[in-house]
Structures are given as structure tokens and as C-alpha cells.
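The values are calculated or read from the model by the stated rules, or taken from the named source; none is laboratory data. Everything numeric here is computed off the predicted structure, so don't read it as measured data. Note that each Cβ is placed from the backbone with ideal geometry, even for glycine, and that neighbours are counted across all protein chains shown.
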């Protein structure tokens, strides 16, 4: 299922078409990726070598790290009909984007849905939190939601890329991939007007942002890009990682590919280490201090040591689908979209 060869985008299509319906638009991009490849524009600040200097060998439970059954360690298991998938965090809860178009705010005290927001319109992917709002979508529009009331306070027709699951904020702006993902929009969060357009030189599929900056992954063009949000340019670019699917950004930058988790230098995008635990075609990755959490449909959840990439522990679960993962309120939260379940698991 997970691969980095030229047939990987076709397999990605097959998997996504068989699971979450709202993700199928990404297949058009994936198929297109077999026909043409984008290269970075001349004169960029950096183009990183991607030869991994450190490789953490794959391990199994038999080789020395413990794997616990979810039912033995879970703090909560919440059934959420409608395809719970992408996750975001605010001060008062974990937000879950459902494939049926709605949002749930999960109360960290009860681990139950405290607010249900129904967003009319077609299926779409994406949720985020920042600048005092929750961000979600209707079709290709981005919507601004009041986190206290669930009221939609703005609708911005931005032509959002279907695959973007994380709506991020950086430098006081909202960032949205548009069209086929080749353009990154810098959006005024108050008016929804486009302040800057960044030509990526690759078709972006998702974003991540944090203390280490603003980052774009391109699954179809096998690139990871660091964006200078103030200058509105691509500041560094990594290639050849193996169809990156997800990026997690704190003061560290970790990329999840189908077969590996890769730590990048925050300035140059050079590969610092590679761990042989991937996110599959529709999983995710999260970083919290010295721990990295890799979510996939195959292994469910593996915790890595951030300094070495070695596996620390794992969790198995009786679910078949992948989903997103975040660390918040002292716990690890992860979704399983086709199984319609949200898990709360202990951080350590």
C-alpha cells in the first residue's frame, strides 16, 4: 500500500476512493502527477539534499518496543458518525472535521461533543484554529467559525485545494492552497481578501505551521517547501523524500511519507534523520517535545523518540482506517474516519 515509486499516486487514488468520499478530489492531482513533474523556480534560497544521514531501522514489537491494545490504555473512545477526520485544537477543546461537512468541538474534560456545527454545502476537507477563529470549508470556500458559539462569521470564496486538510495561520494571516495546489494564498483573516499569492513550483497538497515556520508538502510532486511568509516566497525546498503526505511543525519539522517519518532542518530543509515508520497514504504525524506520533492505517500509532527516530512504543486498535493525530490537553487524539471513531490516548 505504501510506496515511493511512480505507481504510488495511483494506489493513493484507489485507497482514497474506497474510504473517505471527500478525499477523492485529490486523486485528480495524483493522476496528473504521473504525467508531469514540477521543479522549483530558479534563484530560490535553498534546495536541500535529501540523502538521510541517519536512519532508524524498522522495529516490531518482537524487536523490543511495547505495543499496547487501544482498549487497554485509551482514556476515551468516542463514536462520531459522519467520517471524523481532520483535527485542530483551541483553548477549550479539540475540533473534529467530519466528512459529511460538519464540525464537532470535543470537551477535554468529558471527551464528549460539546458543540456540533453543521456546515451546509458539498463535502470538503480541512479544519484549523488560529487568530481567534476556527477555520473550515464548504466545497472550495473557506469559512470562519466562532469557536464559542459555532456561528459562521465569514465565507471566503478562495477556490481551496481539495486535499488541504490543515488550515493554518502564520504571521497574522490565513494560508490556503488554491486550485491544483500550485498557488499558496495569503489571506486577510478579517476580510477574506487575498494579500499575496505565492507560486510554489509544485502542487501543494497540505500545510503545516509552527515556531519553525510555514511549510507545504506536495505528495504528487514529491517535494517539501519552507515558505517565507513575510516575503511571500519559497525559501527552501526538499525533494526525493518519497511522496510526502503530512507535515508537523513545532520548533521541529517532521514529514510523514507513506514509508517513513523524516526530520528536516528548519532553515535549510535538509534531512536530519529518517525513521522507517510511515503514515501510509492517508495518515498523519504530530510532534510534542521529545515525542513524535506517527498515525497510519497499518500500525495505528507509533511513538518515536524525536532525537533519534527510534520507536518508543505503539498502540494497536481494531479499526481499519487512518486519520489525523494531535497532542493536546495532556493526551494524544486520533481519528479513524471510516470507522467513525475518535480516540483519546495517554501522552506517555
Output the residues belonging to segment 311-327 that are surrounded by 16 or more Cβ atoms within 10 Å (Cβ to Cβ) and part of a loop (DSSP other than H, G, I, E, B).
317, 319, 321, 322, 323, 324
Flag for residue 249 being closer than 17 Å to residue 165 by Cα, in contact with a strand residue (DSSP E or B) (Cβ under 8 Å, 6 or more places away or on another chain), at pLDDT 95 or above and crowded, with 20+ Cβ neighbours inside 10 Å:
yes
When the residues of segment 94-126 are filtered to those that are buried (at least 19 other Cβ atoms within 10 Å of the Cβ) and without any contact (Cβ under 8 Å) to a residue 24 or more places away in the chain, which remaining residue is farthest from residue 340 (Cα to Cα)?
102
Going through segment 222-243 one residue at a time, which ones are under 13 Å from residue 199 (Cβ atoms) and surrounded by 21 or more Cβ atoms within 10 Å (Cβ to Cβ)?
225, 227, 234, 237
Do you know which residues across segment 201-221 are crowded, with 24+ Cβ neighbours inside 10 Å and assigned to a loop (DSSP other than H, G, I, E, B)?
202, 203, 204, 205, 219, 220, 221
Regarding segment 153-167, can at least one residue be identified that is without any contact (Cβ under 8 Å) to a residue 12 or more places away in the chain and either more than 21 Å from the chain's Cα centre (by Cα) or not in a loop (DSSP other than H, G, I, E, B) (or both)?
no
Looking only at segment 190-199, filter to residues that are under 12 Å from residue 176 (Cα atoms) and free of Cβ contacts under 8 Å to residues at least 40 places away in the same chain; which one of those is surrounded by the most Cβ atoms within 10 Å (Cβ to Cβ)?
198
Looking across segment 127-150 at residues that are in contact with a strand residue (DSSP E or B) (Cβ under 7 Å, 6 or more places away or on another chain) and farther than 21 Å from residue 186 by Cα, the single one that is surrounded by the fewest Cβ atoms within 10 Å (Cβ to Cβ) is 150
Could you say which residue among 338, 282 is part of a loop (DSSP other than H, G, I, E, B) and more than 17 Å from residue 246 (Cα to Cα)?
338
How many residues does segment 332-348 hold that are over 16 Å from residue 104 (Cβ atoms) and under 18 Å from the mean Cα position of the chain (by Cα)?
2
Could you give me the residue pairs with C-beta distances under 8 Å whose first residue belongs to segment 262-288 and is in contact (Cβ under 8 Å) with a residue 12 or more places away in the chain and on the phi > 0 side of the Ramachandran plot, whose second residue is in a loop (DSSP other than H, G, I, E, B) and crowded, with 20+ Cβ neighbours inside 10 Å wherever it lies, and which are 6+ apart or on separate chains?
280/2; 280/245; 280/258; 280/297; 280/322
What do you reckon, is residue 269 part of a loop (DSSP other than H, G, I, E, B) and modelled with pLDDT of 95 or more?
yes
